[in-house]
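**Q** Have a look at this one before I ask anything.
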Amino acid sequence: MFLKQFVAALSLVALFSSAPGQAQTVTPAEAQAIAEEAYVYGYSLISVEMSRRVITNVEKPEAKRAPMGQFANLREYPNAAYRDVTAPNADTLYSNVFVDVSKEPWVVSWPDMGNRYYVWEFYDGWVPVVFDPGTRTTGQKAQTYAVTGPSWTGTLPEGVKQVKSPTATMWILARTYSTGTPEDYKAVWALQDQYKVYPLSSWGKEYVPPPAKIDPTVDMKRSVRDNVNALNAAQYFGLMAQLMKNNPPASEDGPIIAKIARIGLVPGQDFDLGKLDPAMAKAIEQAPKAAWEKIAAYTAKSGVVKQGWVINLKVGQYGTDYMARAWLAAFGIPANAPKDAVYPMGLTDADGHPLDTSKNNYVIRFASKNDLPPANGFWSLTMYDSGYFFVPNSLNRYTLSARDQLKVNADGSIDLFLQKANPGPDKESNWLPAPDSKFIPMFRLYWPKENPPSVLDGSWWPPAIRKVT
């Protein structure tokens, strides 16, 4: 598969350039426009790579990070200092692992999950979901899979199911539900300790991971998004070209691969901005800033907007919608496929004004318990600051959900309060602490119900966010 994709891409390149890796003569304006498209196209690939670098840049496994080919099992919900992924959740405990399947397959397994809700997502190097086993899809029994690379051929051990990766990089993320109590944390830890990953060559043997080395050049304090956005054009496109060697473009990407070859950007070949015409190079240098502004502005276009909420059902499989993929990589990497989880995000209040708790207090009112988010797994409402990270607060509360003891009004309605100050003892149970600034509320519906009312067909929608007067 890899060879076919790569040869097809190079064939298209040849049609548009005199020689692979040599830029055509294009005007500076054309060069910048192509570079902006290339930036958006490659944003998810660069984001996955930067995530890999940060998450695996440790000598041994710890809660948030682990070397390549080893699980990092988060033992508690992330706190407000967590920056490894954008828009984290406080409903499940993450189990992260990156594997490189360019040389051989990697085996992944987990035990019988009992009655515990869980979902695994296998992401390729461009961030689409390749496989999503879990409670909804494959059930609760113990399972074993082998992730195979683009060009692998061979026979797997009996009982091992194949997961074909179109790229060398595979990011595997398990989300295991937890109520957040000390007792429940321990129950989840017992399951996480049985999550296994090892190369196929170690099948039937005791696997001892090789020593890991720290890369001191990786900025471990900035968010992944900030690390990506800190790259200049030469760094960004140079890295993108090299990553495409083992993480080949999809067959449907042929047209854009041919287009970006016009500025000398070819999969697997060195991209040298210094060898381009100076005016052309200068134009390309402007592309990252301009392209990023387009990605950031895409938020309101990322899905259907109604009652001040945007719901995006494009997650997981993007085809040639590269802007949708780039936006997800910037603000929600890595997200579940819609049938596993949907993430309604608040944009404005009921009057169409931006959400800002430095100016207003807000409330979300459900008419009754029957109007709460319809999910087979669970639902929650998470508070984020404008950067899509948790908000520090006195209660260390980042979500409201079905597991909270939400107070019901006399008429059966339920109010969720979004504000910076504690609303008082009688309302505290329903208070989701907000920053003293603009904010982003996000619902999560894990395993959303398919029969109406359903978020999947639009027959359920979050109530409008209203100012408290």
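The values are calculated or read from the model by the stated rules, or taken from the named source; none is laboratory data. From a predicted model like this one, the values you see are computed outputs, not experimental measurements. When we count neighbours, we look across all protein chains shown, and the Cβ atoms used for this are built from the backbone with ideal geometry, even at glycine.
**Q** Checking the condition of a type outside the set (A, V, I, L, M) and within 25 Å of Val85 (Cβ to Cβ), which residue from Ser151, Ser165 passes?
**A** Selected residue: Ser165, the only one of Ser151, Ser165 that is of a type outside the set (A, V, I, L, M) and within 25 Å of Val85 (Cβ to Cβ).
**Q** Quick check on Pro182: is it at pLDDT 95 or above and within 30 Å of Arg116 (Cβ to Cβ)?
**A** Answer is yes for this residue.
**Q** Output the number of residues of the stretch 81-106 satisfying the condition of being farther than 25 Å from Gly180 by Cα and touching a Leu at 6+ places or on another chain (Cβ under 6 Å).
**A** 2
**Q** Go through the stretch 298-342 and give me each residue that's modelled with pLDDT of 95 or more, out of contact with any helix residue (DSSP H, G or I) (no Cβ under 8 Å at 6 or more places or on another chain) and surrounded by fewer than 19 Cβ atoms within 10 Å (Cβ to Cβ).
**A** Passing the criteria: Val304, Val305, Lys306, Gln307, Asp321, Lys339.
**Q** So which residues in the stretch 352-403 are assigned to a loop (DSSP other than H, G, I, E, B) and under 21 Å from the mean Cα position of the chain (by Cα), if there are any at all? Steps first, answer last, please.
**A** Of all residues in the stretch 352-403, those assigned to a loop (DSSP other than H, G, I, E, B) come to 352-353, 355, 357-361, 367-368, 372-374, 386-398, 402-403.
Ser386, Gly387, Tyr388, Phe389, Phe390, Val391, Tyr398 - these are the residues of the stretch 352-403 that are assigned to a loop (DSSP other than H, G, I, E, B) and under 21 Å from the mean Cα position of the chain (by Cα).
**Q** Let me ask another. Working only within the stretch 424-449, note down all residues that are in contact (Cβ under 8 Å) with a residue 12 or more places away in the chain and either more than 18 Å from Ser380 (Cβ to Cβ) or touching a Cys at 6+ places or on another chain (Cβ under 8 Å) (or both).
**A** Asp426, Lys427, Pro435, Asp436, Ser437, Lys438 - these are the residues of the stretch 424-449 that are in contact (Cβ under 8 Å) with a residue 12 or more places away in the chain and either more than 18 Å from Ser380 (Cβ to Cβ) or touching a Cys at 6+ places or on another chain (Cβ under 8 Å) (or both).
**Q** Here is a follow-up. So, in the stretch 156-182, how many residues would count as being outside any loop (DSSP other than H, G, I, E, B) and under 30 Å from Pro78 (Cα atoms)? Talk me through it step by step, then tell me what you get.
**A** Filtering the stretch 156-182 for residues outside any loop (DSSP other than H, G, I, E, B) gives 161-164, 169-177, 182.
After this cut, where a residue has to be under 30 Å from Pro78 (Cα atoms) as well, the list is 163, 169-177, 182.
Qualifying residue count for the region: 11.
**Q** Okay, moving on. Is at least one residue of the stretch 159-175 modelled with pLDDT under 95 and within 25 Å of the chain's Cα centre (by Cα)?
**A** no
**Q** Restricting to the stretch 183-203, and then to whatever is part of a strand (DSSP E or B) and not hydrophobic (A, V, I, L, M, F, W, C), can you tell me which residue is farthest from Lys141 (Cα to Cα)?
**A** Out of the qualifying residues, it is Pro199.
**Q** Read through the list (1) on the phi < 0 side of the Ramachandran plot; (2) assigned to a loop (DSSP other than H, G, I, E, B); (3) in contact (Cβ under 8 Å) with a residue 40 or more places away in the chain, then give the number of the only condition that Gly319 fails.
**A** Every condition holds for Gly319 apart from (1).
**Q** Given the conditions (1) surrounded by fewer than 16 Cβ atoms within 10 Å (Cβ to Cβ); (2) in a strand (DSSP E or B), and given that Asp411 satisfies all but one, which numbered condition is not satisfied?
**A** (2)
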